[in-house]
Amino acid sequence: MIEYIEFEEGARALAECCSRLDGSPSWEWLASSRKESLEDSGCLAVKHVIYLDKNLELPQEKEEECDQQEDEAGMKALPSGIDSHFYDFHVIYSHSYRVPVLWFRGQTPDGTPLGFTQILQDFPQLRSAVERMSGDSAAVSANEHPLLHTPWYFVHPCQTPSFMSLLLKEQRHPADSEGKGGGERKGLNFLVSWFSVVLPAFGLQPPNIDNAHNAT
Amino acid sequence: MDNSNPTMRMLMKTWESKISIRISLAANDVSCPNLPLPMMVMLPRYGFLQTVADKAFQSFERALISKHDYTPYFEYNGLPLPWQVPLGSLYDLLADDQSPWRLIIRFPSAMPPALLPWIRSDSEKNFDLGPLRSVLFSSLKEAAFICRGVDGSNDMNMMEVGKRDSLWESVVKVDWAGYNNWIESMDMNPLNRRAQEALPRIPIRIFHRKGKSVSDWSADVKSMSRPISVQEDGRSPTLGEALNDIFPELVFEEEQNDGGGLLGDELMRSTELSEDGDCEPSSKDQVFSQSVAIVCGIQPPLATPLAWLHYNMHAPDFFLYIIVKPRNPFHRVESGSVGSGGGC
C-alpha cells in the first residue's frame with residue numbers, strides 16, 4: 001500500500017515517462033481545477049477508443065491535455081460511418097484502501113453514456129471477471145467519481161492490497177523508499193506493477209516505463 | 001448487550017430517529033386530471049428512500065401514465081436525489097429542516113444520467129433492491145478494511161449467504177437488534193489495533209455543501225470518504241480538529257448549547273465537557289461566513305472525540321456521516337432533539 005504523496009509523485013513521473021514514449025495508451029496527470037479542500041490534487045487519465053467495426057485498424061491518437069471540467073472538445077472527430085465507443089480511464093487514489101483504483105466510463109460519439117451491459121460487451125475479459133464475482137462481492141460497481149462527482153464505474157480495490165503485497169515482495173526493489181526521490185520511485189513501481197494486473201481486463205497495454213527510463 | 005449502557009441507548013436512539021416525508025407525483029407523470037393525494041411516511045434517518053418506492057408505486061399506480069419496468073427515484077426542488085445516500089444525510093444536507101420534507105417520486109424506465117445506474121440482475125422483472133444491497137456491502141467492506149485491514153474485507157467477502165441475508169434484512173427494516181448482533185460478531189471497533197501497519201482509523205464520510213442551495217449535485221456537493229487516524233498516543237482527534245485538517249479554509253461555528261433535547265444532553269454528559277457553553281462574540285461577517293457540521297440532525301460540540309461520535313452515531317454501513325454546510329443565521333439547527341426535523 002502507498003501513501004497519497006507517493007501515489008501522486010509516482011503518477012506524475014509515469015505521465016512524464018509516457019510523454020516521451022511513442023504509441024498508446026499515453027497516460028497523463030490531470031490536475032484538479034477545483035482543489036478547495038483536502039481533495040486530491042488530481043489523477044492519472046487516458047482516453048481509449050473501441051471501434052465496433054473490428055476490421056478497421058486505426059492508429060490511436062495521442063490525447064491532448066484537457067481540463068478536468070468535462071471538456072468534450074477533447075474528443076476527436078472520426079471519419080463518418082464508423083461506430084465507436086469512447087472511454088475515459090482515471091486512476092484515483094483511495095484513502096480507505098490506500099491503493100490506486102481504476103475508474104472508467106464509456107460514451108457514444110454524441111456523448112450518450114454507455115450502460116453497464118454495453119460496456120461489458122466491449123471488454124470480454126472484464127465480463128468474465130464480473131460474471132465470476134457478482135452480487136454482494138461485485139468486481140465492478142458504479143459510484144460517484146471522487147473528484148468529478150458524476151457517476152462512473154470502478155474496479156473494486158478490496159483485493160488490491162493482497163495481490164500487490166505478493167507482487168512487490170517478488171520484485172524486491174532495492175532502496176524503494178530511501179533517499180531523495182524514494183517516494184516517487186516507490187509510487188512509480190507500485191503503479192507499473194498494479195497496471196500489469198488491472199489493465200489487461202480492458203485490453204490495455206501497460207506503458208513501457210523501462211524504455212522511457214533508458215531513453216533519458 | 002447491556003441495555004442500560006448509555007452509549008448503547010444512544011446508538012439505538014439514532015436508529016429510532018425518523019424523518020417525516022410527503023411524497024407526491026409530478027404533474028407530467030399523471031394520466032388523470034387530478035393529482036392523487038400525496039403519501040405521508042415516517043422513514044428512519046438511517047433508512048433509504050428506495051425502500052419506500054415500491055409502496056409509493058402501488059399507491060400511485062392507477063394515476064401513472066406509464067407503468068412498466070420502472071426505476072423509481074426521488075426529487076427535491078427538481079434535484080434528483082442520489083439513491084445510495086442514507087435519508088438522514090440527504091435531509092440534513094438539503095432540506096433546511098423542512099417538515100414534512102416534500103419530495104416528488106418519478107418512475108422512468110432508467111435512472112437519469114445524474115444518478116448512479118440501477119443495475120439489476122436480468123432475472124428480476126419487478127423492482128427489487130439488489131443494487132442498494134450491493135452498495136451497502138461494498139461500503140461495509142470498505143469500513144471493514146479501514147478498521148481491520150485485509151482481514152476485515154476478507155471476512156466480509158467470505159461471509160456466508162444466510163448471515164448476509166439477515167444483515168441486509170436488518171438494514172432494510174432498520175432493526176437494531178439484528179444489526180447489533182452482526183456488528184458484535186464482526187468485531188469492527190476501529191480503536192482495536194488490528195491493522196498492524198498503521199494507526200487505527202475511523203471510517204468517515206463527509207458531504208460538503210458550499211452554497212445556499214443545491215441545483216446540480218455534482219457541482220454543488222462534494223462527497224468524500226476520509227478515514228481519520230487516531231493519534232500516536234491513542235487519542236482520537238476531535239470533530240473540530242478533523243474538520244480543520246480537511247477544510248482549512250472554513251470556519252466552523254461552535255455548537256450553541258441551549259440545553260435542549262435528550263440526545264443533546266446525553267452528548268454533553270458523555271463527552272464530559274465543561275458547562276461553559278459561551279461562544280465568543282463574532283462580527284456579522286463571521287456569522288454569515290461560518291460553516292456548521294451536522295451529525296444525525298444535531299450539531300455536536302467541536303471538542304467531541306470523533307471516535308465517540310462514530311461509536312454512537314455511525315450508519316448501518318459503519319461509516320460516520322458528517323454534513324458540512326454554510327450556517328444559516330436565520331435558521332437554528334435543533335441541538336439534539338430526538339427525531340429532529342421529523343416531528344414525533
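The values are calculated or read from the model by the stated rules, or taken from the named source; none is laboratory data. As the structure is a computational prediction, the values presented were derived from the model and not from experiment. Quick reminder, even Gly has a Cβ in these numbers, built from the backbone with ideal geometry, and neighbours come from all protein chains shown.
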Complete set of residues in segment B:171-185 that are surrounded by fewer than 20 Cβ atoms within 10 Å (Cβ to Cβ) and either at pLDDT 90 or above or of a type in the set (A, V, I, L, M) (or both)
B:172, B:177, B:183
Matching strands (runs of 3 or more DSSP E) fully within segment A:83-153 where at least 1 residues are crowded, with 20+ Cβ neighbours inside 10 Å and more than 10 Å from every other protein chain (Cβ to nearest Cβ)
A:84-94, A:99-107
So is residue B:230 crowded, with 19+ Cβ neighbours inside 10 Å and either at pLDDT 90 or above or farther than 17 Å from residue B:297 by Cβ (or both) or not?
yes
What number of residues within segment B:46-73 are basic (Lys, Arg) and either in contact (Cβ under 8 Å) with a residue 60 or more places away in the chain or crowded, with 19+ Cβ neighbours inside 10 Å (or both)?
0
Check B:61, B:16, B:75 and return the single one that is at pLDDT 90 or above and acidic (Asp, Glu).
B:75
Suppose we keep only residues that are away from chain A (no Cβ under 14 Å) and touching a Leu at 6+ places or on another chain (Cβ under 9 Å) within segment B:244-256. Which one would you say is modelled with the lowest pLDDT?
B:255
Hits in segment A:154-164 (condition: within 8 Å of another protein chain (Cβ to nearest Cβ), farther than 27 Å from residue B:218 by Cα and out of contact with any strand residue (DSSP E or B) (no Cβ under 9 Å at 6 or more places or on another chain)):
A:162
Is it the case that segment B:199-209 has a residue that's free of Cβ contacts under 8 Å to residues at least 12 places away in the same chain, over 13 Å from residue B:147 (Cα atoms), in contact with a strand residue (DSSP E or B) (Cβ under 8 Å, 6 or more places away or on another chain) and within 14 Å of chain A (Cβ to nearest Cβ)?
no
Complete set of residues in segment B:213-229 that are part of a loop (DSSP other than H, G, I, E, B) and either touching a strand residue (DSSP E or B) at 6+ places or on another chain (Cβ under 7 Å) or small (Gly, Ala, Ser) (or both):
B:213, B:214, B:215, B:226, B:227
So, restricting to strands (runs of 3 or more DSSP E) that lie completely within segment B:38-140, which ones have at least 1 residues that are hydroxyl-bearing (Ser, Thr, Tyr)?
B:73-76
May I ask you to list the residues in segment A:101-128 that are in contact (Cβ under 8 Å) with a residue 60 or more places away in the chain and touching a helix residue (DSSP H, G or I) at 6+ places or on another chain (Cβ under 6 Å)?
A:102, A:123, A:125, A:126
Exclusive hit being surrounded by 13 or more Cβ atoms within 10 Å (Cβ to Cβ), part of a helix (DSSP H, G or I), in contact with an Asp or Glu (Cβ under 9 Å, 6 or more places away or on another chain) and modelled with pLDDT under 80, set B:277, B:240, B:264
B:264
